[in-house]
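Following: one structure in structure tokens, then a few remarks.
The values are calculated or read from the model by the stated rules, or taken from the named source; none is laboratory data. Note that the structure is predicted; figures quoted are calculated from it, not measured. No Cβ is skipped: glycine too gets one built from the backbone with ideal geometry, and neighbour counts run over all protein chains shown.
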Amino acid sequence: MYDATMSEQREVLLGNYIIQQVLSLPALSDELFVQICVQMWAKHQSDVSRSKISHLMSMCLSVLPPSADLYKYLLKYASDRHSMVSRPFANTNY
């Protein structure tokens, strides 16, 4: 969720930390993707927040794939609501 008091540097560090944690525990990747989708869908999110959440999703998709079980649902969600998010994995074959 967007925190207006958080510096840009801290946001980057937090995003990198989240990705490092998931890389060290790959079983968490689907949970991470689902939680990002939940945050994107939240009605209380501002455009700035949604943009940052979309950027986090893109970062995650660029370094770890969703499971085969989640892939088709995530691709559909991203293509319907956030076309910029689907680009990093649109050409992946599952």
Taking the residues in segment 42-53 that are surrounded by 15 or more Cβ atoms within 10 Å (Cβ to Cβ) and over 17 Å from S79 (Cα atoms) as candidates, determine which candidate is farthest from the chain's Cα centre (by Cα).
-> Q45
Is it the case that segment 18-34 has a residue that's touching a Lys or Arg at 6+ places or on another chain (Cβ under 8 Å), on the phi < 0 side of the Ramachandran plot and modelled with pLDDT of 75 or more?
-> no
Give the residues of segment 65-94 that are among the aromatic types (F, W, Y), in a helix (DSSP H, G or I) and modelled with pLDDT under 50, sorted by residue number.
-> F89
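Let me confirm something: among L56, L28, L13, which residue is assigned to a helix (DSSP H, G or I), surrounded by fewer than 17 Cβ atoms within 10 Å (Cβ to Cβ) and within 13 Å of the chain's Cα centre (by Cα)?
Going through L56, L28, L13 in turn, the sole match is L28.
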May I ask you to verify whether Q39 is of a type outside the set (A, V, I, L, M) and either surrounded by fewer than 12 Cβ atoms within 10 Å (Cβ to Cβ) or within 12 Å of M59 (Cβ to Cβ) (or both)?
-> no
Enumerate the pairs (first residue in segment 58-83 and at negative phi; second residue anywhere and hydroxyl-bearing (S, T, Y) and at pLDDT below 85) with beta-carbon separation below 7 Å, excluding pairs fewer than 6 apart on the same chain, so at least 6 apart or on different chains.
-> P65/T92; A68/Y94; Y71/Y94; L75/S86; A78/S86; S79/S86; H82/S54
